[in-house]
1. With each label point set 7 Å from Cα along the Cα-Cβ vector, what nm distance links A180 and R284?
2. Need the C-alpha centroid separation for segment 455-501 versus segment 194-243, integer Å.
3. Report the calculated FRET efficiency for R393 and A437 (r = Cβ-Cβ distance, R0 = 25 Å), to the nearest 0.05.
4. Out of all DSSP beta bridges with both ends in the chain, state the antiparallel percent to the nearest 5.
5. Show me the chymotrypsin sites (Phe, Trp or Tyr not before Pro) within segment 304-403 that DSSP assigns to loop and that have at most 11 other Cβ atoms within 10 Å of their Cβ.
6. Note the per residue figure in Å³ for the convex hull of the C-alpha positions in segment 320-386.
7. Once the Cα atoms of helix 328-342 and of the chain are each reduced to a long axis, what angle between those two axes, in degrees from 0 to 90 to the nearest 10, is obtained?
8. So who's got an amide H within less than 5 Å of the one on T311, skipping anything under 5 residues away but keeping other chains? H placed 1.01 Å off N, in plane.
Amino acid sequence: MSFHAKRRAGLLVPLFSCPSSRSWGIGELPDLVPMASWLSAAGMRTWQLLPINEMAPGQQSPYSAISAMAIDPIFIRVPDVPEFEALGGEDALPAADRAALDEARRSPTIRHAAIRRLKQAWLRASFERFVDTEWKRETGRARALRDFVGAQAWWIEDYALFRAIHARECEHVWTEWPEALQRRDPPAIDRARRDLANDVLFHQYLQWTADAQWQQARARAPEIEVLGDLPFMVDKDSADVWARPHQFRLDETIGAPPDAFSADGQDWGTPLYDWEAFAREHHRWLRERARRCADLFEGFRIDHVVGFYRTYARPKDGRAPYFTPANEAEQVALGETVIKVFREPGNLIIAEDLGTVPDFVRESLTRLGIPGFKVFRWERHWHAEGQPFRHPREYPPLSVAVSGTHDTEPLVVWWEQASEGEKRKVSDALAVDLGSAPIETVRDTLLETLYASGSDLLILPIQDVFGWRERINDPSVVADTNWVYRLPWPADRLDDIPEARARQKQLRAWTQRHARQG
């Protein structure tokens, strides 16, 4: 897909943040439909998601996935599962489960652990009914599951076996499993497949169910292009690393050098890619990741794109961190190879090029026709006297204009915390006095300025559209308050909320005024 095919606007909203009135306390796959309807009526054509990959046990960060391919079952709408309805549906929930569901729905934030426990129990019960009434009788639904597993065998066989063993081993990391299973010795693997056949089928059933709900939702919302998010790293305790440990350096971890978020840099604890091993296999696993994204989304954001050019490695033995590959020529060659692999399916690709990024990376992305991000608060004429802000009309068409990201404080918080000098510089750049203006005026002035920007694509975090102060993630802290943000209203009730209707009308007016028709 050509990036220059259309000038349009979109919204950044994590799926988990937009539950509907039917959801079990978290945004679910069918909630794509009402949210997409609201976006479309607001003149928007793009919805940027965060990853929907299955999160590791006990985790709530979408960037801590146990699989680079699987959809997290927490996003399944349980009442839409035929076997659950056959069990009596929500009306048949025992009192304790009904109380837990009511509490999850009432909570102003997402209660990941409670929701996962509740869904896991009833999805397992639904599966057992499926086995008895469908699988053993080889019905049409059973054949549909077999067909799905056959078509997705390239990833789902390793994944489902990994999840089954992982559960049997009390969710311990795979490097603590019996040695034969760590090494994937064929006799041990064959024995595990036989012993855990029912559990393997359960995880395949969950992915089949999730895929069906997602594809149905996408078919009902064709007016919106949905962009996924391809995380740079993959967790050590994942089906992907277990299945191909020779492609990773388990004695080193990946991180980021010092930047605005961390004076000491970051250590993400994920294993280092062995780029030579990847090259020997013609980057097959990266091709598979791109193929999976193409199956699910119209396009995707490449997270931490600089890492695919040069990876910041942190040896566990205390040696100094270093970049790999070591020199610029090799870094450019690697990055451009990976980008070309990712674009093979023909999807729209955008690149998160924020943080400490060398000029040659952005020059390479431009050559390849891949847009990077323009975050208003960080776009300055850094080498000019006083470092004035760039007016967004200067942004090139091949770019994504944003007011912030899922990792930044919301727009109004940034403005309220900015110094008087910074506020004057913004006012000077935009030729309007915002210093004493009401915060709503500041918000709308900055948002419309971004609508008028030169960037072909505009993506706004939903908090910035409404002027909300809650943030999705604070990367400087590890806390349960991250990744729990949810909208204050159900996604299917937005048309009943005066504030939501007013913002929708304003967004549509800006879309028309600044030719972002999609």
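1. Reported label-point gap for A180 and R284 is 2.5 nm.
2. Centre-to-centre distance over Cα atoms comes out at 24 Å.
3. The pair R393/A437 has a calculated efficiency of 0.75.
4. Of all bridge pairs located within the chain, approximately 40 percent are antiparallel.
5. Loop-located and lightly packed - W382.
6. Spread over its residues, the Cα hull of segment 320-386 gives 132 Å³ apiece.
7. 60
8. Hits under the 5 Å cutoff: T324.
Values in this text are rule-based calculations from the coordinates and carry no lab data. The structure presented is a predicted model; accordingly, all values stated were derived computationally and were not measured. Quick reminder, even Gly has a Cβ in these numbers, built from the backbone with ideal geometry, and neighbours come from all protein chains shown.
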